[in-house]
Amino acid sequence: EKGGHDYFMLKEIEEQPEALANTLRGHFVDGRIVLDEQRMSDQDLRDVDKVFVVACGTAYHSGLVAKYAIEHWTRLPVEAELASEFRYRDPVLDRDTLVVAISQSGETADTLEAVRHAREQKARVLAICNTNGAQIPRESDAVLYTHAGPEIGVAATKTFLAQVAANYLVGLALAQARGTKYPDEVAREFEALSAMPAAVEQVLSTVDQVREIGRELAESKAVLFLGRHVGYPVALEGALKLKELAYMHAEGFAAGELKHGPIALIEPGLPVVVVMPSPKGRAVLHAKLLSNISEIQARGARTIVIAEEGDETVRPIADHLIEIPSVPTLLQPLVATVPMQVLAAEIARSRGYDVDKPRNLAKSVTVE
Ligand code: F6R
């Protein structure tokens, strides 16, 4: 049942506050983060000296977000890597390496092989998975389940937000075990996370506006996505959603790379979606993105700007402005991704495509 929606994906987009709340539930008890479904002790977590996050597609983008948060909170080096690349190079792994394998289905062949490779090298593997008893959690040392519920749409939406939240829990558990954050700081971070379902609920009030923008962009040949810091993986995710659903050429760029090549793509009428950092949280990055947007607008691009509510500086340079609530910088992907999902789905629908079953794609990719 699509619950009165044109397509399942929209229903699943609207289930995101609940998916987040369910994923966080039960993981903060008596003032401590508990990863209760995991079989890793505090001592195991203390011994970790390096983290690899491996996954494919959208799950990989959640890993890219995790890198910013886990490094910041734990001061451990973190690499996020495509599972299909990780296993065919010769990653340096040992007993003190933690490999976080993220997979909605828990059956993705590349991710499973990365898990097997990591365990052969004696690394410890923690799976983040949405499917009870799937192969990847079965072969991992420990598992943290996302509780997003079954996802029918082929394109991952609510499971992405749940994966990001689960990664944050892993980061906070590591920070707590290592003592890089005091207990009251961990408690505050968890409290900020717990406020995110309501923040996502607030973004959902922009769905109609974003669908309207999507209909206006449906005839475009290509769309570019720009972001910086945690906004960069959000840009990659926006581009992936548009490729897979609307069969359009879409690219996500780190905004700082614009001058190193991609600016040559800018031409009159080209839609460019930009994720603005918070003006309060990361003022320097905010200023840099403002100048990026001015440059692309001066070259005639059509700017679709996702920015914090009350950020008046973007108004003059935004052809379309989508407002998101003000949240801590590291948590911004949880709100900024939502309009990207809606935009891709609506462009696809306007072009006459089946949003829930894009061509050539399967929900779980069990061959390499
Ligand atoms: C994109 C999408 C895919 C999956 C990828 C990994 O919308 O759904 O990119 O994210 O195939 O799948 P899982 O998470 O099942 O390993």
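Readers should treat all values here as calculations from the given coordinates under stated rules, not as data from a laboratory. Here the structure is a predicted model, which means the values were calculated and not measured. Don't worry about glycine lacking a Cβ; one is built from the backbone with ideal geometry, like all the others, and counts go over all protein chains shown.
For the pair residue 49 and residue 265, what calculated FRET efficiency results from E = 1/(1 + (r/R0)^6), where r is the Cβ-Cβ distance and R0 = 35 Å, to the nearest 0.05?
Working: r = 41 Å, r/R0 = 1.17.
Once rounded, the FRET efficiency stands at 0.30.
For the range 96-107, backbone phi angles converted through the Karplus equation (6.51, -1.76, 1.60; θ = phi - 60°) give residue-by-residue couplings of 8, 8, 9, 9, 9, 9, 10, 7, 4, 6, x, 10 Hz, Gly and Pro being listed as x. Dividing the mean sequence gap of close Cα pairs (under 8 Å, 6+ apart) by how many residues the range 8-84 holds gives a relative contact order of 25 percent.
Charge tally for residue 124 (other residues, Cβ to Cβ under 13 Å; Lys, Arg +1; Asp, Glu -1): -2.
Is the C-alpha gyration tensor of the chain telling us rounded, prolate or oblate? Criteria: a/c under 1.5 is rounded; beyond that, a/b larger than b/c is prolate, otherwise oblate. Working shown, then result.
Values: a/c = 1.63, a/b = 1.43, b/c = 1.14.
Taking the square roots of the gyration eigenvalues as a ≥ b ≥ c, the chain is prolate.
One chain, two ends: residue 119 and residue 180. Fully extended at 0.36 nm per residue, the span grows by 19.3 nm beyond their Cα-Cα distance. Peptides 60-72, 206-218 ranked from most to least packed, by the mean per-residue count of other Cβ atoms within 10 Å: 60-72, 206-218. Using just its DSSP H runs of length 4 or more, each adding -39500 (n - 2.57), the chain gives a mean residue ellipticity at 222 nm of -13500 deg cm²/dmol after division by all residues.
Report the charge-dipole magnitude of the range 249-324 in Debye, nearest 20, computed about the Cα centre from +1 at each Lys and Arg Cβ and -1 at each Asp and Glu Cβ. Write out the running numbers ahead of the final one.
On the way: 7 positive and 10 negative charges, 44 e Å.
Here the range 249-324 has a charge dipole of around 220 debye.
Springs between Cα atoms under 10 Å define the GNM used for the chain, and in it the highest mean-square fluctuation of 31, 261, 238 occurs at 261. Computed over neighbours whose Cβ is under 11 Å from that of residue 358, the net charge equals +2, Lys and Arg +1, Asp and Glu -1. Shape analysis of the range 1-67 places it in the oblate category; the axes a ≥ b ≥ c from the Cα gyration tensor give an a/c of at least 1.5, with a/b not above b/c. Neighbours of residue 207, meaning other residues whose beta-carbon lies under 12 angstrom from its beta-carbon, give a summed charge of -4 when Lys and Arg score +1 and Asp and Glu score -1. Normalised Debye scattering of the range 259-368 at q = 0.13, 0.17 Å⁻¹ gives log10 I(q)/I(0) of -0.61, -0.91, counting only Cα atoms as equal scatterers and leaving out solvent. Take the Cα of residue 89, step 7 Å along the line toward its Cβ, and report every residue of the range 37-76 whose backbone nitrogen sits under 16 Å from that point. It comes to 51-56, 64, nothing else.
Relative contact order for the chain: 20 percent, from Cα pairs under 8 Å spaced at least 6 residues apart, divided by residue count.
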